[in-house]
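Engineer: Quick one: structure below, then a few questions.
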Amino acid sequence: FVDLEGTQFTHEMIEIGAYVAYLDDDLHIKKHDKGFSTYVKATNPIGRVVENMTGITEKTLKTKGVSFPAAMTLFQKYLRKNKNNCIFVTFGNHDLVIVNKSVYYSGDASKEFAHTINKEYLDFSQFLSTYIKDPNGNPYSLTNYLKVFGVPFEGRAHDALTDALNLMDLYNAFLDHPEIVEEEYKKVLCKMHHLPAPI
């Protein structure tokens, strides 16, 4: 379960948060590792909107950040043997944009691991929005999807590690509450006017 924060205009990575989770045969989480997080130095400015949203400043990156190649090395060390045998679960596809833009702006970054992330990822928001949508037919935010399942949001939004944890909680809630998924999916089906009325 991965969440990334990026710069406002160039979409370079400034923070990564992740949890490795191990699934049983029914795809439920049986255990998870301690989370991983690090700040990542960008080659371009963060942008005021992102600074206000995340609380991450240029000083934060200067004093606590590592280069993008170093961040990817640390992330791979955290994944250990799971690196080539896992799915990177994100909420939305913007995290892939951040990975790819960071590779582009960091000339000495390895493209191999970035390719692995692009190839082996699941946008859980896209999957979930097939079954559950807001009254206007749009996907919910991570916070509002958690509300649908009655799960409180933990921590502060737009903190990468916090968002990764809440994404993991959302995954658990989806599997633990099929009755909620069923009821919400009925609402979605009722708005599909191309289906025959009895359905």
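Engineer: Once ligands and nucleic acids are excluded and a 1.4 Å probe is used, how much of His11 is accessible, expressed in Å² to the nearest 10?
Structural biologist: Rounded to the nearest 10, the figure is 50 Å².
Engineer: Tell me the relative contact order for the chain as a rounded percent, counting alpha carbon contacts under 8 Å between residues six or more apart. Mind dumping the intermediate values first?
Structural biologist: Details: 295 pairs, mean separation 47.8, N = 199.
Computed value for the chain: 24 percent relative contact order.
Engineer: Next question, about the same structure. Could you sort Leu27, Leu4, Leu175 by accessible area so the largest value comes first, with the probe set to 1.4 Å?
Structural biologist: Numbers: Leu27 95, Leu4 15, Leu175 45 Å².
Solvent-accessible surface, decreasing: Leu27, Leu175, Leu4.
Engineer: Students often get this wrong, so try it: which of [x] 12.7; [y] 11.1; [z] 12.1 is mean projected area of the Cα convex hull in nm² as calculated from the structure shown?
Structural biologist: Here mean projected area of the Cα convex hull in nm² agrees with entry [x].
Engineer: Normalise the Cα radius of gyration of the range 25-124 by 2.2 N^0.38 Å (N = residues in it) and let me know the number. Write down the numbers at each step before the final one.
Structural biologist: Details: Rg = 14.8 Å, N = 100, 2.2 N^0.38 = 12.7 Å.
My calculation over the Cα atoms of the range 25-124 gives 1.17.
Engineer: Using the basic label-point model (7 angstrom from Cα toward the beta carbon), what is the Asn82 to Ser110 distance in nanometres?
Structural biologist: Roughly 1.8 nm, to one decimal.
Engineer: Heavy atoms only, probe 1.4 Å: what % of the accessible area of the chain goes to carbon and sulfur, would you let me know? Each step should come with its number before you reach the end.
Structural biologist: Values: 6010 of 11230 Å².
The computed percentage sits at 53.
Engineer: Return the percentage of antiparallel bridges among DSSP beta bridges fully within the chain, rounded to the nearest 5 %.
Structural biologist: Working: 12 of 16 bridges.
Around 75 percent of the beta bridges assigned by DSSP in the chain are antiparallel ones.
Engineer: If you build the convex hull over the alpha carbons only and average its shadow over all orientations, what do you get for the range 1-80? Give it in nm² to one decimal.
Structural biologist: Values: hull surface 24.4 nm².
Its average projected convex-hull area is 6.1 nm².
Engineer: Which residue, Met72, Met53, Met168, tops the fluctuation ranking in a GNM of the chain built on C-alpha contacts under 10 Å?
Structural biologist: Result for the chain, Cα springs under 10 Å: Met53 fluctuates most.
Engineer: Of Cys190, Cys86, which has the most accessible area and how do the rest follow, probe 1.4 Å? Walk me through the numbers on the way to the answer.
Structural biologist: On the way: Cys190 105, Cys86 35 Å².
So, going from the largest accessible area down, we get Cys190, Cys86.
Engineer: Using r as the Cβ-Cβ distance of Leu74 and His193, and R0 as 45 Å, what FRET efficiency do you calculate, to the nearest 0.05?
Structural biologist: Values: r = 50 Å, r/R0 = 1.11.
Step by step, r from the Cβ atoms, then E = 0.35.
Engineer: Still on this structure, please answer the following. To the nearest 0.05, what FRET efficiency results for His158 and Asn44 with a Förster distance of 22 Å applied to their C-beta separation? Don't jump to the answer; show the numbers that get you there.
Structural biologist: Working: r = 19 Å, r/R0 = 0.86.
Between His158 and Asn44 the formula returns 0.70.
Engineer: Right, another one. Name the lysines eligible as straight-distance cross-link partners of Lys83: C-alpha to C-alpha under 26 Å, and not fewer than 8 places from it in the same chain.
Structural biologist: Filter leaves Lys30, Lys31, Lys34, Lys41, Lys64, Lys101, Lys111, Lys119.
The values are calculated or read from the model by the stated rules, or taken from the named source; none is laboratory data. All figures in this text were calculated on a predicted structure; none of them were measured in a lab. Glycine also receives a Cβ, built like all others from the backbone with ideal geometry; neighbour counts cover every protein chain displayed. Quick note on the areas: whole protein, heavy atoms, side chains included, nothing else; ligands and nucleic acids left out. Shrake-Rupley method; radii C 1.70, N 1.55, O 1.52, S 1.80 Å.
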